[in-house]
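One structure below.
The values are calculated or read from the model by the stated rules, or taken from the named source; none is laboratory data. Nothing here was measured: the structure is a model prediction, and the numbers come from that model. Cβ atoms come from the backbone with ideal geometry, glycine included; neighbour counts cover every protein chain shown. These accessible areas exclude ligands, DNA and RNA; they are computed on the full protein's heavy atoms, side chains included. Shrake-Rupley method; radii C 1.70, N 1.55, O 1.52, S 1.80 Å.
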Amino acid sequence: MNPRSYYSNTPALHYSVPPLGYFVSGKKMCVKAITIVAALFLVAPATAQARDVIHKGNVVVVPLRGEVAPSLLAFLRRAVKAAEGNEASAIIFEMNTYGGRLDSAADIVNALNQTNIPTYTFINTNAGSAGAIIAIATQHIFMAPVSAIGAAAPILPTGEDLPATAKEKTISYWSALIRGSAIKNGHNPDIAEAFINKDKEVKIGDRVVHPRGAVLALNAQEATERINGKPLLAEGVVDSIADLTKKAGLKGNVVAIEPTGFEQMAFWLTALAPLLLLGGILGAYLEFKIPGATLPGIISAICFALFFFGHYVAGLAGWEVVALFVLGIVLVLIEILFFAHSTIVFGVVGVFLILASLLWTMIDRYPGQNFFPTGKMLAVPLLNLFIAIIGSLIVIALLARYLPRTSIYRRFALMDSNPPGPSLAGVPREFTTALALKPGMQGTAVTVLRPSGKARFADHVVDVVTEGEFIAPQTPITVIQTDGMRVVVKNATHV
């Protein structure tokens with residue numbers, strides 16, 4: 001087993017809300033926003049097959065094969081939640097594994113110990129190393145005629161033994177954990193500890209079942225031996241799942257859940273949640289900041305879609321959180337389009353719903369648990385959201401300062417400039433060099449500056465650009481920088 005997880009136990013920005021006239025000149029901005037929201041649902045067909053149909057009273061069979069790894073954890077979490085959510089009568093884990101990562105095993109044990117329906121393990125050949133720890137976390141164990149369980153001593157990924165101090169700490173911690181798991185599920189805690197600790201002697205009555213000096217491993221016949229009327233560990237030897245359901249008296253149709261090819265992807269997507277949130281937030285910011293640009297909106301849509309997709313496949317979230325997220329976006333758009341100068345209620349509620357949906361998506365909540373998450377359940381989601389928000393504020397602050405000075409930004413801004421309206425009829429258009437403009441000179445915005453537009457200085461109308469803020473017509477402005485024919489201005493009321 002791999003013990004790696006045990007050791008790994010903004011400046012103020014001025015932003016002016018653009019007036020309604022800004023959006024009237026380009027309905028495509030609203031269309032883009034709707035397209036971004038709609039893109040979140042494109043993953044629905046791809047994940048429809050990942051959900052298995054389970055009816056009330058079914059017996060759910062979940063295969064646990066191969067290496068114990070994060071992808072197996074994602075699959076098991078999804079299967080357990082699907083079984084519980086659909087009120088299955090029992091879950092049978094068909095196991096054939098030689099072990100794997102200790103951190104993944106710990107998370108799987110935690111998931112199984114939260115399960116509210118009967119759990120069974122059918123050891124179909126091997127339950128070695130981490131597999132033995134997982135089997136102990138189920139309430140009933142059955143074994144195939146030729147099978148084995150045990151030998152769960154931790155080792156390095158290279159196969160070498162742990163250093164003395166690290167080994168002592170790891171075994172001490174895992175001995176306590178596996179004993180607690182065994183007691184909770186009705187197994188002999190001494191047997192469970194002997195799987196991982198070679199210095200543990202197992203004694204039942206006057207009989208020494210296992211002497212110290214080697215980690216314990218049991219075959220099917222040894223594990224099912226009855227001592228004082230109770231089996232040593234496993235309840236019986238069975239040939240198949242059908243044989244198990246018969247001997248265990250399980251009723252209901254047997255439904256098998258198979259892993260999908262998205263489980264490994266789900267692990268990486270959930271691990272990269274802060275980066276996906278950061279990309280989604282920055283893409284949305286740039287979409288509204290750069291007129292005429294569509295790439296930032298597409299990137300934002302992809303990042304948010306992958307964020308929800310990964311957590312959905314991993315069994316952490318359902319489509320209700322996506323609906324909450326979309327509702328938040330709609331309220332924010334309503335605020336910007338219709339109530340920018342009258343109320344902030346829609347915007348505040350929308351932002352709250354967006355943040356709540358992102359946070360709720362990352363919470364690992366099982367059916368039957370309290371609606372309000374515990375502090376432990378909130379720890380990682382809050383950390384991810386905090387990293388994403390702080391990172392976004394830092395990057396947005398840098399973009400607000402330096403982006404308007406770039407040629408790419410000016411190219412997009414000029415592509416979407418306002419056509420001359422009635423207020424400009426008959427007014428001669430002059431280059432900035434026709435009037436000597438210096439920093440500190442006062443003028444008035446003639447058109448919407450978003451961030452480029454027209455401004456009047458004395459009797460001259462010139463082309464100007466802001467540092468990123470939107471300025472409404474007839475707003476006093478002041479020159480803060482000149483560079484050839486480029487004049488940078490800001491709202492004079494905020495100087």
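Heavy-atom accessible area for MET362, with the other protein chains in place and a 1.4 Å probe, reaches approximately 20 Å².
Within the range 169-238, the GluC sites (Glu not before Pro) that combine a DSSP coil assignment with at most 15 other C-beta atoms in a 10 angstrom radius are GLU201, GLU225.
Modelled this way, with points 7 Å down the Cα-to-C-beta line, the labels at ALA176 and LYS247 are 3.6 nm from one another. Applying 1/(1 + (r/R0)^6) with r as the Cβ-Cβ distance of SER89 and GLU160 and R0 = 56 angstrom yields a FRET efficiency of 0.80. Using R0 = 22 Å, the C-beta based FRET efficiency linking THR493 and ARG401 works out to 0.60. When the surface is traced with a 1.4 Å probe over the full set of protein chains, TRP360 keeps roughly 80 Å² accessible. Residues in the range 91-108 carry Karplus couplings, in order, of 10, 10, 9, 8, 10, 8, 8, 8, x, x, 6, 6, 5, 5, 4, 4, 5, 5 Hz; the curve used is 6.51 cos²θ - 1.76 cosθ + 1.60 with θ = phi - 60°, and Gly or Pro positions show x.
Among the listed pairs LYS289/LYS454; LYS81/LYS198; LYS167/LYS203; LYS81/LYS200; LYS81/LYS246, which have their C-alpha atoms separated by more than 30 angstrom in this model? Among LYS289/LYS454; LYS81/LYS198; LYS167/LYS203; LYS81/LYS200; LYS81/LYS246, the Cα-Cα distance tops 30 Å for LYS81/LYS198; LYS81/LYS200. Figure note: ARG65, ARG101 ranked by solvent-accessible area, largest first, 1.4 Å probe, ligands and nucleic acids not counted: ARG65, ARG101.
Close amide-amide hydrogen proximity is noted between VAL209 and VAL202, LYS203, ILE204, each under 5 Å apart and 5 or more residues distant or on a separate chain (H modeled in the peptide plane; Pro and chain starts excluded).
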